[in-house]
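Quick note: the coordinates plus some simple rules give every number you see, no bench work behind them. Being a predicted model, the structure only gives us computed values, none of them experimental. We place every Cβ from the backbone using ideal geometry, glycine too, and count neighbours over all the protein chains shown.
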Amino acid sequence: MKIKKSAILIIKLMVLILALAALYMGFMSWQYNSFRKNAESIEALWKFDPDLSYNLDGGEPLFLVKPQNKISMVFMEGFRTQNPAGMYMDWFRELHSIHKINIVVPVYGLQSSPFQLRYREWYPQEDLRTVLQVYNAYTSMLPKDHRVITVSQSFGTYPHAGILARASRRPDSAVFLSPLNTAMEYRAAGDFVFWLSKQMNWIQHIVAFTKPAPSPNRVSVWDIVNPEKNKKMAERFPINPEDKAHHGVQVQETAELMESRLLPQIKRTVVLVVNGDSDLYFSQNGFARTAELLKNNGNSVKHVVLKNSGHMVLADNGEDQLKAMILNILKNR
């Protein structure tokens, strides 16, 4: 009799567990399908290459190159950006046509991809390998007197650090804009996402996606303090319509990996670190610590904080000042 009761109890527990598992899987599937339909309805207005799936509005790899030029800038945009070259295309073309500077902007990871490709599992090593291959291939045939400057924004710090640590030919100088670091705050999307960012290791298994929300004291989801520049960026380049919680965990892990593995390998390099004083993604202490870590390795480091500027320093207050600094580095022999 006891055995029969025990067997019935076990069966009931198994049924309960299976029912809960089915409910959980159904809930996660509902989230996925809901966000997929929303993203695809928005992306129906965008144009992607039918074979390569690049966003055709500034989302393709950019190579503005003339063999006779003597200076090159390799630029790495941040994580999940829809249009890595497009957002700064006018500036890139000006550098190339007026100042005779070659421009190389690789596309890596989840950049410039439709929802189905953005949703896939992603590993930061992909970014590192892709960018290193592009950089090594491009620089391998350059003459010795050709000046190479590397510039990165936000998550682009990771593959950028990979170049500085592992490339066959090291850049002459490097510029880190709003660099990735472990002091992430994620205040850009409001209080809820900020709270989520602190719970991400477990909350990712319940809240798989969130929708980008207007940033505190910003007119759109872009972290740009200047309202007119913010509106212009939001109208020209809509941000991806979803954020995947698991990717947030991976970004944190990547920042830890970068600081422990790659930054210590960067030595004897002239580095400029620039961030805005109103950045909503990272703390000011995080930026200062990045500069200090690089300085401790024997690099020549200058750290500049732009006043009244957010995360997107190339499109905010201080934009002209920053671009002049980068141009000076490009041309300074």
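Laid out as a table, the results:
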| item | result |
| --- | --- |
| Spin-label model distance (nm) - V65 vs S97, 7 Å beyond Cα toward Cβ | 2.1 |
| Whole-angstrom gap from the range 46-93 to the range 257-276, using each part's C-alpha centre | 24 |
| Reduced Cα scattering model of the chain, Debye log10 I(q)/I(0), q = 0.16 Å⁻¹ | -1.49 |
| Over 24 Å [Cα-Cα, the range 54-183], rounded percent | 24 |
| Sequence-separation-based contact order of the chain, relative, with Cα cut under 8 Å and 6+ spacing, percent | 16 |
| Shape box of the range 1-45 [Cα atoms, principal axes, largest first, Å] | 67, 7, 5 |
| Cα convex hull volume per residue for the range 206-333 (Å³) | 125 |
| Residues S178, S300, S278, sorted so that the one with the fewest Cβ neighbours within 10 Å comes first | S300, S278, S178 |
| I206 paired with L13, simple spin-label distance in nm, labels 7 Å along Cα-to-beta-carbon | 2.4 |
| Selected from P212, A255, F282, residue furthest toward positive end of dipole (the chain; charges at beta carbon) | A255 |
| Given charges at beta-carbon only (K, R positive; D, E negative), |dipole| of the chain in Debye | 800 |
| Estimated [θ] at 222 nm from DSSP helical runs (n ≥ 4, -39500 (n - 2.57)) normalised by residues in the chain, nearest 500 | -14000 deg cm²/dmol |
| Signed unit charges on C-beta, dipole axis of the range 1-45, positive-most listed residue L23, L45, I11 | I11 |
| Options A324, N299, Q68, ranked by Cα towards positive dipole end of the chain, top entry (Cβ charges) | N299 |
| Tilt relative to the chain, helix 227-236 - C-alpha long axis, 0 to 90 degrees, to 10 | 70 |
| Restraint check, K47/K231; K232/K331; K231/K302; K229/K331, Cα-Cα greater than 25 Å | K232/K331; K231/K302; K229/K331 |
| Order of W202, W30 under a 10 Å beta carbon neighbour criterion, fewest first | W202, W30 |
| For the range 225-279, fraction of C-alpha pairs farther apart than 19 Å, in % | 62 |
| Nearest 10 degrees, 0 to 90: helix 319-331 Cα axis against the chain principal axis | 60 |
| M28, M14, M87 arranged by Cβ crowding within 10 Å, fewest neighbours leading | M14, M28, M87 |
